[in-house]
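The block underneath contains the structure these notes are about, expressed in structure tokens.
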Amino acid sequence: QDGAVVDETAANAMARTVSTSRTGSFQALGSFKSENGSLMLMQAFLYGISALVIVAFLTVWTVQRTRDIAVLKAMGASGSYVLRDAITQAAIVLLAGAGLGGAIGIVGGFAAAQAAPFLVTPATTLLPVLGIVALGLAGAALAVRRVTTVDPLIALGGN
């Protein structure tokens, strides 16, 4: 009857079956597990490639700013100030880019949901954006760290 409480264990024992969730039943299918594994691997590679592109961009950007950083250091700026300054600039660029990309992804997801099954949740929209920003900030810190250790006189081309 509608709203009746069912004792799953007793029902399974009587019917000699095993009940599971929808996700559990999908995971029991070898083809689904294989397909899902392939998709997750592709997603991991995409995140890895995105992180590498972001780190490469921020490294080139930082190396191009070596003379500016050297001037700051020559004027007495501490390494931590230079690091904070570079991380702040990288955060602005990363948040703008990831925010725009996330917004485009959400709009595209809602459009795709009209034609195909597509799930738009915080886990599928916000977590990737936050992950890309975190990876980008880590990459920016690594890139700036190398440049901040350079002697200002050498970076400015002095003898």
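Each reported figure results from applying straightforward, stated rules to the coordinates on display, with no laboratory input. The structure presented is a predicted model; accordingly, all values stated were derived computationally and were not measured. Neighbour counts are summed over all protein chains in view; Cβ atoms, including those assigned to glycine, are modelled from backbone coordinates with ideal geometry.
Computed values, structure above
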quantity	calculated
Mean-position separation - Cα centroids, the range 29-56 and the range 57-106, in angstrom	28 Å
Whole-number percent relative contact order across the chain, with pairs defined as alpha carbons under 8 Å at least 6 apart	35 percent
Candidates GLY102, GLY139, GLY76: whichever shows maximal mean-square fluctuation once the chain is modelled as a Gaussian network with Cα springs under 10 Å	GLY76
222 nm mean residue ellipticity, helices alone, for the chain (DSSP H n ≥ 4; -39,500 (n - 2.57); rounded to 500)	-26500 deg cm²/dmol
Among THR125, THR17, THR66, residue whose mean-square fluctuation peaks in a GNM of the chain (springs only between Cα atoms under 10 Å)	THR17
Rounded FRET efficiency, nearest 0.05, which uses the C-beta distance separating ALA141 from LEU41 and R0 of 25 Å	0.35
Cα-centred dipole magnitude for the chain, charges only on beta-carbon of K, R (+1) and D, E (-1), debye, nearest 20	540 debye
Loop-located trypsin sites (Lys or Arg not before Pro) in the range 1-102 whose Cβ has at most 13 other Cβ within 10 Å (DSSP)	ARG16
Chymotrypsin sites (Phe, Trp or Tyr not before Pro) within the range 64-143: DSSP coil, no more than 15 neighbouring Cβ in 10 Å	PHE118
